[in-house]
Amino acid sequence: MTTIPISWYLAVAAVLFTIGAVTVFVKRNALVMLLGIELMLNAANLTAVTFSSYFRELAGQILVFFVMVVAAAEAAVGLAIIVLLFRHRETLNVDEAQLLKL
Amino acid sequence: MGMGVVVEAVVKIVIVFGIVLTCLAYLALFERKLLGWIQLRYGPNRVGPWGLLQPLADLLKFLFKEDVRPTTPNPILFSVAPILSLVPALMTYAVIPFGDRIELFGREITLYITSVNVGLLYLFALSGLGIYGIVLAGWASNSKYSLLGGLRSAAQLISYELTLTLSVVGVLIQVGSLDLVEIVRAQSGTYFGLIPKWHLFWYQPLGFLLFFIAAVAETNRVPFDLPEAETELVAGYHTEYSATKFAMFYVAEYANILAVSALATTLFLGGWNGPGVERLPLLGVFYFAAKTAIFLFIYIWLRATLPRFRYDQLMRFGWKILLPLAFANIVFSAAVAATAG
Amino acid sequence: MERALFVIFALTAIVAALNVLLRRHPLHSALALLVVLGALAGLYILLGAYFLAMIQVVIYAGAILVLFLFVIMLLNIRAEEARLARRPFLRWLALPFALLLGAEIFYLVRTFEENPVPSGTSVGVTEAIGRELFTTYLLPFEVTSILILIAILGAVVLARRG
């Protein structure tokens with residue numbers, strides 16, 4: 001059976017992370033920025049799982065489990081904030097949400 | 001991987017899908033017949049003896065009708081949504097164990113397509129993906145009724161999926177495996193030589209009840225059919241669909257009902273277990289089908305009997321009654337498992 | 001076989017990720033992310049992490065992304081018009097920085113060039129993960145539950161205020 005070099009997985013993760021980072025930098029829509037953050041989290045997860053199976057060590061997978069749970073919490077609060085922002089400002093452009101109050 | 005294994009797998013997949021799709025067609029007929037009897041009518045009886053060819057006629061009608069498309073900014077999503085709804089529904093049958101193993105042509109053949117050690121999680125993953133078809137149909141139809149139906153559906157499915165998942169945890173604590181075949185094996189034998197050791201009788205009656213209620217809500221059936229409540233939303237998320245695409249939603253709904261019934265049988269009613277299965281494994285398939293048919297009957301019975309919930313009642317019932325009960329059931333199951341050792 | 005699957009999943013993930021970035025409509029971005037998540041689940045299966053692959057679909061695809069879709073539909077967000085950013089020059093800085101970041105990560109990745117991942121590892125067995133979670137990692141587990149409770153409270157408070 002052919003095996004896949006570990007660097008291939010890491011390369012995919014790197015590409016995904018970079019795309020996610022660019023999404024956060026370039027987009028001004030708060031919702032799409034959140035999507036970019038999810039993308040970066042997933043890229044990090046992929047590296048963790050890769051090393052976990054490379055070292056035959058469960059710690060990496062447990063880490064990913066926690067990351068997913070935290071991502072769920074983050075999405076819940078983040079989306080609640082986004083809904084509020086949209087109700088008050090009628091836009092999701094983060095550049096226009098520069099006041100420290102709603 | 002030898003050729004034999006591949007051939008066996010392909011043959012099993014073809015057979016299972018042939019049987020399942022036939023069952024789905026006749027499930028629709030069964031529902032109309034049963035509704036008719038409950039309401040003191042005959043039901044369909046024109047096409048073939050007792051209306052037995054009705055599914056075929058329906059199929060032809062769906063295939064030859066005009067495919068009406070609404071003006072929508074998302075024509076691709078509009079076409080993909082029914083497929084997204086149908087495919088996960090059909091994929092569930094890959095892990096459902098219809099029976100144990102039999103000897104055929106000198107080799108041992110299992111009566112399920114595959115057994116994976118994360119079988120139950122796989123099913124929940126698919127039920128999560130099934131939401132997308134409905135939500136996207138609601139969005140892509142570019143119609144207010146569809147959009148409201150899709151939104152309601154998203155909220156309802158997320159809420160009741162929690163209960164659905166948590167109600168199964170009690171069974172998992174007792175069995176200690178996510179493999180559906182293992183779960184069925186754990187339910188063999190009897191209690192006092194009389195009561196079968198199914199999870200329904202074996203510390204999990206509450207879990208079973210919660211699972212079944214949540215399953216009815218997950219499949220968008222009466223009394224939880226708010227996403228397609230015809231008195232307020234015309235037909236909900238599939239208002240704008242016609243012909244083959246509508247047929248896909250229709251089949252997906254019945255595929256989900258059948259899958260959920262089969263899953264309830266597997267988890268709580270002992271799957272293929274029954275008297276005489278050890279000697280004649282093929283008998284298990286009939287036990288399985290009979291138990292599943294009970295659930296299908298209850299589904300249709302509910303539809304003929306109960307009125308629809310109001311939306312706020314639906315949400316309150318899901319979050320304030322079912323979910324706490326599901327947590328209580330987990331605590332109870334853990335306590336039982338801890339005392340039993 | 002395994003390599004072919006890897007290439008399929010990896011390419012799907014990358015193309016879909018580019019779609020997240022390039023699509024104008026938030027709904028299309030969210031759907032592209034769904035495809036990324038599915039492809040990553042496939043990669044997890046190749047790595048032997050079956051439990052995580054399923055959890056990935058259940059939590060991310062089944063819950064988090066549905067929430068995103070729900071919000072997009074609820075607010076009826078339109079495609080973003082291509083308006084000028086507040087500081088246009090920042091836009092042009094993004095690409096070089098992205099390339100720099102990518103190059104940096106690739107440099108680190110190269111150190112693992114020759115090491116193949118053992119195929120068919122069985123470390124991802126659900127039971128083993130559960131055992132670890134409730135023994136070695138019990139404290140983080142409980143802390144996470146508190147975090148989720150706070151997140152629920154936060155979401156409810158925010159929703160009440162609106």
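Rule-based calculations on the coordinates, nothing more; no lab input. Everything numeric here is computed off the predicted structure, so don't read it as measured data. With ideal geometry, Cβ positions are generated from the backbone for all residues, glycine too; neighbour counts draw on all protein chains shown.
Averaged across the residues of B:82-90, what count of C-beta atoms belonging to other chains lies within 10 Å of each residue's C-beta?
0
Per-residue mean of other chain beta-carbon atoms within 10 angstrom of the beta-carbon, peptide A:51-64?
For this peptide, the per-residue mean of nearby foreign Cβ atoms is 6.
Which of the lysines could a cross-linker span from B:K65 if the Cα-Cα distance has to be under 27 Å and same-chain partners fewer than 8 positions apart are dropped?
The qualifying lysines are B:K33, B:K144, B:K245.
Can you give me the Kirkwood hydrodynamic radius for chain B, using every pair of distinct Cα atoms, in Å to one decimal?
Kirkwood radius, chain B: 21.2 Å.
Going by a ≥ b ≥ c, the root eigenvalues of the Cα gyration tensor, does chain A fall in the rounded group (a/c under 1.5), the prolate group (a/b larger than b/c) or the oblate group?
In terms of gyration-tensor shape, prolate.
Do any trypsin sites (Lys or Arg not before Pro) in region B:1-104 lie in a DSSP loop with no more than 13 other beta carbon atoms within 10 Å, and if so, which?
Here the trypsin sites (Lys or Arg not before Pro) that fit, given the DSSP loop and packing criteria, are B:R41, B:R46, B:K65.
What are the GluC sites (Glu not before Pro) within region B:1-90 that DSSP puts in a loop, where the Cβ has at most 10 other Cβ atoms within 10 Å?
Those that pass, being in a loop and sparsely packed, are B:E66.
By average Cβ neighbour count within 10 Å, what is the ranking of B:316-325, B:176-185 from highest down?
B:176-185, B:316-325
Which distance in nm do the two modelled labels at B:I294 and B:T114 give, with both placed 7 Å along the Cα-to-Cβ direction?
In this crude spin-label approximation the distance works out to 3.1 nm.
Give the average over all directions of the projected area of the C-alpha convex hull of the protein assembly as shown, one decimal, in nm².
That works out to 30.7 nm², a quarter of the Cα hull's surface.
Sorting check: for B:296-306, A:66-76, which peptide has the highest mean count of neighbouring beta carbons within 10 Å, and how do the rest follow?
In descending order of packing, they fall as A:66-76, B:296-306.
Please say if region B:73-204 is rounded, prolate or oblate, where rounded means a/c under 1.5 for a ≥ b ≥ c the square roots of the C-alpha gyration tensor eigenvalues, and otherwise the choice is prolate for a/b larger than b/c and oblate otherwise?
In terms of gyration-tensor shape, oblate.
Take B:E8 and A:A97, extend 7 Å from each Cα along the Cα→Cβ direction, and tell me the distance between the two endpoints in nm.
Output for this residue pair reads 5.6 nm.
Hey, can you grab everything whose amide H is under 5 Å from the amide H of B:R101? Only 5+ residues off in sequence or another chain; H modelled, so Pro and N-termini drop out.
Amide H neighbours of B:R101: B:L111.
Taking the Cα atoms only, what angle lies between the long axis of helix B:205-218 and the longest principal axis of chain B, rounded to 10 degrees?
20 degrees
Taking a cut-off of 19 Å between Cα atoms, list the aspartates and glutamates near B:K61, but don't count ones fewer than 8 places away on the same chain.
Here the aspartates and glutamates satisfying the reach criterion relative to B:K61 are B:E31, B:E240, B:E253.
So what's the gap between the Cα centers of region B:14-83 and region B:315-341, to the nearest angstrom?
Each part's Cα centre sits 38 Å from the other's.
State whether region B:2-105 is rounded, prolate or oblate according to the following rule on the C-alpha gyration tensor (a ≥ b ≥ c being the square roots of its eigenvalues): a/c under 1.5 gives rounded; otherwise a/b larger than b/c gives prolate, and the remaining case gives oblate.
Cα axes put region B:2-105 in the oblate bin.
Other chains' Cβ within 10 Å of C:34-46 residues: what's the mean?
Across the residues of C:34-46, the mean count of other-chain Cβ atoms within 10 Å is 4.
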